[in-house]
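Chemist: One structure coming up, written as C-alpha cells, with questions to follow.
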Amino acid sequence: MKQWIKAVGTGPHGSRDLTVDEARQAASAILDQKATPAQIGGLLLAMRTKGEADTEMEGFLLEGRARLATRPQSLPILEALDIGDPYDGHIRTPSLSVPAALLASAAGLPIVLHGYTALPAKFGVGLPELWQAMGLPFVPIEAARDALMDTGVVCLSQERILPEWANLRPLRQELGLRTLLNTVEKCLNPLNARTMVAGYFHEPLAGRLHQLLHRIYPDRQITLVAGSEGSIDLHAHRPTRYHPHENLSSGLPGTIDLPFPFPPLPELEPSPLAHAQFVWSSLLEKNHPHRDLVRRTAAFLLTVANRSPSVEMALKRLPEKPALRP
C-alpha cells in the first residue's frame with residue numbers, strides 16, 4: 001500500500017496514475033483487509049486530489065466484479081436493465097427512478113436496482129432503506145435472477161452482493177467525501193444485465209466513464225444520465241444531459257427534452273418513510289402533481305432498453321399502476 005500511496009500522492013510534479021493491475025492489487029488489499037484504515041483513506045484521498053484515472057477506476061471495477069456474490073462473469077447475459085443510481089442516496093429530492101422502475105417493469109422490462117445506505121457525500125436516503133420502507137421484499141441473492149422473471153424488478157443491497165466493499169462504510173463515513181468508490185460501485189452490474197443506465201454528476205468524467213464501461217462491457221448498451229442529484233432521474237425544470245449508447249464515438253452529450261416545466265419536486269424530510277410515501281402516491285394517485293414526470297422517466301427507461309423508439313410512444317405502453325405492490 002505504501003508504494004501505491006507514494007505513486008499517487010507525491011504531489012503535482014511527482015505523482016502518477018496507477019496502472020490497471022496496480023489499482024486492482026490495491027483494491028484487493030483493501031477488500032481483503034490487508035491495508036490499515038489510514039492507508040485506505042490515504043490512498044482514496046490521494047487519488048481524489050490527483051484526479052482519479054481511468055486505469056484506477058477500471059482496476060477497482062474489475063476487482064469488485066470478481067468478488068460479487070452473484071458471480072456475474074459466469075452467468076449468461078440477462079435481458080434486463082441495470083440501473084446505477086448513486087449509493088449515497090437522495091437528500092434534496094425524492095427518487096424518480098424507483099417509481100419509474102416499478103412502472104417500466106410492469107410494461108415488460110425486467111429491472112435490477114442496487115444500492116446501500118448512509119454513505120457520503122450526501123448521506124441521503126439509500127435505495128435499500130427506501131425499498132424496505134415501501135414494504136417491498138428483498139430476495140436471496142442466489143434467487144435474484146429467477147425472482148426478477150417473476151416480479152419484474154428486484155432490489156439488491158451492497159451488504160449482500162459485495163460484503164467486503166460494504167465493510168468499508170465506517171471508514172467512508174469518517175472521510176465524508178465522494179471517492180473513486182462512489183463512481184465504481186454503481187457500475188458493477190451484479191446480475192449481468194445487457195442494458196445499463198447510470199447517473200453521473202460531473203460532465204468531464206462522463207465521456208471517460210462511458211468509454212471505460214464499454215471496454216469492460218463490450219457487448220452491452222450503456223447510457224449515462226446527468227439527472228437530479230447525480231441520479232438517472234429526469235429534471236423537472238430543464239432538459240437533462242445524457243450520453244446515449246449511440247453517441248459513444250463522439251463522446252458528446254445529448255439532451256432529453258420533455259414538455260417543460262413540470263412542478264418543482266418537493267424537498268422531503270430525509271427519512272425513508274417520507275420518500276416511500278412520495279413513491280406510492282406518485283404511482284397510485286391519478287392527480288398527483290408529479291405523476292406525469294414519473295411516467296415520462298419510466299418511458300425513458302423503455303427507450304434506453306430498446307423497448308420503444310421514443311418516449312411518447314413508450315408512454316402508451318405504460319400501465320396505469322405498477323404490478324408490484326407491498
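Chemist: Let me spell it out: the conditions are (1) touching a strand residue (DSSP E or B) at 6+ places or on another chain (Cβ under 9 Å); (2) buried (at least 21 other Cβ atoms within 10 Å of the Cβ), and MET57 meets all of them except one. Which number is the exception?
Modeler: Among (1) touching a strand residue (DSSP E or B) at 6+ places or on another chain (Cβ under 9 Å); (2) buried (at least 21 other Cβ atoms within 10 Å of the Cβ), the lone unmet condition for MET57 is (1).
Chemist: Pairs under 8 Å by beta carbon, first residue free of Cβ contacts under 8 Å to residues at least 40 places away in the same chain in region 52-65, partner outside any helix (DSSP H, G or I) and of a type in the set (A, V, I, L, M), six or more apart or different chains?
Modeler: Qualifying pairs under 8 Å: ALA53/LEU18; THR55/LEU18.
Chemist: In the list LEU273, LEU283, LEU252, which residue meets the criterion of being buried (at least 16 other Cβ atoms within 10 Å of the Cβ) and in the same structural domain as GLU203 (by TED's automatic domain parsing)?
Modeler: LEU283
Chemist: Of all the residues that make up region 11-40, how many are of a type in the set (Val, Ile, Thr), in a helix (DSSP H, G or I) and within 18 Å of GLY51 (Cα to Cα)? Show your work before the answer.
Modeler: First, pick out the residues of region 11-40 that are of a type in the set (Val, Ile, Thr): 19-20, 30, 36, 40.
Narrowing further to those that are in a helix (DSSP H, G or I): 20, 30, 40.
Still in the list and also within 18 Å of GLY51 (Cα to Cα): 20, 40.
Residues that pass the stated criteria total 2.
Chemist: Got at least one residue in region 149-159 being out of contact with any strand residue (DSSP E or B) (no Cβ under 6 Å at 6 or more places or on another chain) and within 17 Å of ALA66 (Cβ to Cβ)?
Modeler: yes
Chemist: Quick one: which residue in LEU273, LEU213, LEU258 is touching a residue at least 40 places away in the same chain (Cβ under 8 Å) and either within 14 Å of the chain's Cα centre (by Cα) or in a helix (DSSP H, G or I) (or both)?
Modeler: LEU273
Chemist: So, restricting to helices (runs of 4 or more DSSP H) that lie completely within region 118-166, which ones have at least 1 residues that are within 23 Å of GLU79 (Cβ to Cβ)?
Modeler: Here the list reads 127-133, 144-151, 158-161.
Chemist: Which count do you get for residues in region 81-104 that are at pLDDT 95 or above and surrounded by fewer than 24 Cβ atoms within 10 Å (Cβ to Cβ)?
Modeler: So the answer is 0.
Listed here are the residues, each with its yes/no results for (1) out of contact with any Leu (no Cβ under 8 Å at 6 or more places or on another chain); (2) of a type in the set (A, V, I, L, M, F, W, C); (3) in the same structural domain as THR297 (by TED's automatic domain parsing).
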{"position": "GLU174", "(1), (2), (3)": "yes, no, yes"}
{"position": "LEU177", "(1), (2), (3)": "no, yes, yes"}
{"position": "VAL184", "(1), (2), (3)": "no, yes, yes"}
{"position": "LEU188", "(1), (2), (3)": "no, yes, yes"}
{"position": "GLY199", "(1), (2), (3)": "no, no, yes"}
{"position": "GLN221", "(1), (2), (3)": "yes, no, yes"}
{"position": "PRO261", "(1), (2), (3)": "yes, no, yes"}
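Chemist: Yes or no: PHE278 in contact with a His (Cβ under 9 Å, 6 or more places away or on another chain), crowded, with 17+ Cβ neighbours inside 10 Å and of a type in the set (Phe, Trp, Tyr)?
Modeler: It is true that PHE278 is in contact with a His (Cβ under 9 Å, 6 or more places away or on another chain), crowded, with 17+ Cβ neighbours inside 10 Å and of a type in the set (Phe, Trp, Tyr).
Chemist: Continuing with the same structure: Would you tally the residues in region 198-220 being under 23 Å from ALA66 (Cβ atoms) and surrounded by 18 or more Cβ atoms within 10 Å (Cβ to Cβ)?
Modeler: Pass one, region 198-220, residues under 23 Å from ALA66 (Cβ atoms): 198, 208-220.
With the extra rule that they be surrounded by 18 or more Cβ atoms within 10 Å (Cβ to Cβ), the set shrinks to 198, 209-210, 212-213, 217.
Looking only at that region, the number is 6.
Chemist: Restricting attention to region 96-117, report how many residues are assigned to a loop (DSSP other than H, G, I, E, B) and within 21 Å of ALA226 (Cβ to Cβ).
Modeler: Step one: list which residues in region 96-117 are assigned to a loop (DSSP other than H, G, I, E, B), which gives 96, 107-110, 116-117.
The next check asks that each one be within 21 Å of ALA226 (Cβ to Cβ); those that pass are 96.
So the count comes out to 1.
Chemist: Select, from GLU267, GLU229, GLU203, the only residue that is over 19 Å from the mean Cα position of the chain (by Cα) and either of a type in the set (D, E, K, R) or not assigned by TED's automatic domain parsing to the domain that holds THR297 (or both).
Modeler: Values: GLU229 fails: over 19 Å from the mean Cα position of the chain (by Cα); GLU203 fails: over 19 Å from the mean Cα position of the chain (by Cα).
Result of the check over GLU267, GLU229, GLU203: GLU267.
The values are calculated or read from the model by the stated rules, or taken from the named source; none is laboratory data. Keep in mind it's a predicted model, so treat the numbers as computed, not measured. We place every Cβ from the backbone using ideal geometry, glycine too, and count neighbours over all the protein chains shown.
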